[in-house]
């Protein structure tokens, strides 16, 4: 079941399992938290009861693995939520008032259960620091202006692209999955660069919502004027992809979503949907070298398995400034050359890592 679907089972099931409390628990190797940061059950095997009082309850639960463990899935059991799934688990009571069986869920004093199982995994060497050190909430505030220049090295070809954009105020946008309209931030940017001697201009829009400090919901993006024959491209996700930064070294989390990819080539629109599973791991603080100098950064690795292929990528976000300093994926390296936020230089002279 998806992130933005009501995870209360079928009406008949809820009628049999009426409850107004969620009891959470885990096996050894991790903890449960919510994207909103309202509930955080780390360091205990049995979390406090979570009361569901009215039609305003809307929380998405995520299982976070400790170093040396992996998330094995939500446990299947009587009166259990999300059993047998590794998806993020959302419970929303928005529509309960319209159904007698669902309304009974709120009026009872029984319990349902959310239990996360973890299993031993390869203990990936991890460094020091926290992932939240590399999250800068300023980058996601409406009205903020961001300018950046990147250097891309791809299949032996190097080219620079300069992007200039502004974060729009709280806006509505089509998600790409039917008529559903999402509400969140839109980062619209214009890019100009040269590839293989040919100048190209890109207009790109990114759609996201800040769920809590260090926790982003990524709905997707669209861009136009990509290459000679490709005039537009978009990728939307259902449920949204979660970008979780508030991790400690060695911790990881899993997520699954559908991705709808569309692109127009030679006047023909091509569209398809793929299923994606991801495991994201935080490795700690490292020093990354850019053309302007060396910087302290948070390193995250992403393993992505889709209907097409299995790929891995590495990302380094700058400590304090939160910018994506470097990304390495199959066949390409992207490095940040220059960046400013509201006119303030974010890279300076590259001395940020001198104390390491």
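The values are calculated or read from the model by the stated rules, or taken from the named source; none is laboratory data. None of the values given here were measured: they were computed from a predicted structure. Here the Cβ is made from the backbone with ideal geometry for all residues, glycine too, and neighbour counts use every protein chain on show.
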| Which of the residues belonging to the stretch 320-350 are outside any strand (DSSP E or B) and under 30 Å from residue 309 (Cα atoms)? | 322, 323, 330, 331
| How about the stretch 255-304: which of its residues are on the phi > 0 side of the Ramachandran plot and in contact with a strand residue (DSSP E or B) (Cβ under 9 Å, 6 or more places away or on another chain)? | 266, 267, 284
| field | Pick from the stretch 196-209, criterion assigned to a strand (DSSP E or B) and surrounded by fewer than 16 Cβ atoms within 10 Å (Cβ to Cβ), ranking: modelled with the highest pLDDT | value | 203
| message | Considering only the stretch 79-89, I want to know if a residue exists there that is over 26 Å from the mean Cα position of the chain (by Cα), assigned to a loop (DSSP other than H, G, I, E, B) and modelled with pLDDT of 70 or more. | response | yes
| task | From (1) in a helix (DSSP H, G or I); (2) at pLDDT 80 or above, pick out the condition that doesn't hold for residue 97. | result | (2)
| field | Failed condition for residue 128, given (1) exposed (fewer than 13 other Cβ atoms within 10 Å of the Cβ); (2) not in a loop (DSSP other than H, G, I, E, B) | value | (2)
| remark: By residue number, the members of the stretch 254-271 that are part of a strand (DSSP E or B) and over 18 Å from residue 310 (Cβ atoms) are 260, 262, 263, 264, 265, 268, 269, 270, 271
